[in-house]
Amino acid sequence: MKKREQSDQTKQHLSEALINLLETHPIESISIRMITNTCDVDRQTFYYYFEDIYALVRFAFAQSILPSLKEAHHGASTREVLTHIMTVLDRNKHALRTILDSGGRPLLRSAIFGEARDGIDALVLPELKQHGITGPRATDISIHCQGIIVMMIIDWLQGFDWVKGNTEVPAEELREHMLRVADDYLYGAIVRPADVHMLG
């Protein structure tokens, strides 16, 4: 095996070990030794590739979770896109909370925003066009709608949801609520005069 392939394989094994451990342990209770024992490598190997556990968390997100999120682009409708996104996020909820707790909110927000964009555009832009709203205003409305949905998802990941306050709800229930919110926001944008400032 070439050195590059072996290096990539080692990093992937460390990443998988961390994600598995996050299913049953909070990040603060996971040691480097726990990760390396799972992969049968030594601490020196870990530190050769990663500065600390949080660097490994970011790598794990980029290598394991983000590619799964990108499959959302293949959805034919907003519901399919959001269903896929919520399934991936729900499956990796513990790891994603660790990312958020370690200052990874911008990383996660950017990733979800990027993967939700096509689905929200597919919901919003045709409806706006039917009401004569196109160009920059239509784009702004779609972006604001995306922002609201991303904010709802991140709050849900952190243990707060917009459906029942501080009580966590299933991913499917939040998805349905997001679709209703998107519809309501879209209706308001259509009837609102163009010069009224939109929700930022």
* Residues of segment 87-123 with amide nitrogen under 20 Å from the 7 Å Cα-to-Cβ point of Ser77? -> 87-88, 116-123
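Number of Lys pairs in the chain with C-alpha atoms less than 19 angstrom apart, excluding same-chain neighbours closer than eight positions? Working shown, then result.
Values: Lys2/Lys11; Lys3/Lys11; Lys70/Lys93; Lys93/Lys164.
Lysine pairs satisfying the spacing and distance rule in the chain number 4.
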* Place +1 on the Cβ of every Lys and Arg and -1 on the Cβ of every Asp and Glu in the chain, take the dipole about the Cα centre, and give the residue among Thr167, Leu21, Phe59 whose Cα lies farthest towards its positive end. => Phe59
* Asked: Over the chain, what per residue volume does the convex hull of the Cα atoms give, in whole Å³?
  -> 137 Å³
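Counting only heavy atoms of the protein chains, get the accessible area per residue of the chain (1.4 Å probe) and round it to a whole Å² value. Could you put the intermediate results ahead of the total?
Details: 10780 Å² over 200 residues.
About 54 Å² of surface per residue is accessible.
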* To do: Would you kindly give the portion of the calculated P(r) for segment 61-162 that falls above 21 Å, as a percent of all Cα pairs?
  => 34 percent
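Could you state the orientation-averaged shadow area of the convex hull built on the Cα atoms of segment 1-108, in nm² to one decimal? Don't skip to the end; give the middle numbers.
Working: hull surface 30.6 nm².
Average projection, Cα convex hull of segment 1-108: 7.7 nm².
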* Structure fact -> With a Förster distance of 45 angstrom and the Cβ-Cβ distance between Lys2 and His94, calculated FRET efficiency to the nearest 0.05 equals 0.85
* Structure fact -> So, with points 7 Å from each Cα along the Cβ direction, the Asp52-Ser68 label distance in nm works out to 2.6 nm
* Asked: In the chain, carbon and sulfur make up what percent of the accessible area (probe 1.4 Å)?
  -> 51 percent
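The values are calculated or read from the model by the stated rules, or taken from the named source; none is laboratory data. These numbers were taken from a predicted model, which means no experiment stands behind them. Here Cβ is always computed from backbone atoms with ideal geometry, including for glycine, and neighbour counts include all displayed protein chains. Side chains included, ligands, DNA and RNA excluded: accessible areas come from the protein's heavy atoms. Shrake-Rupley method; radii C 1.70, N 1.55, O 1.52, S 1.80 Å.
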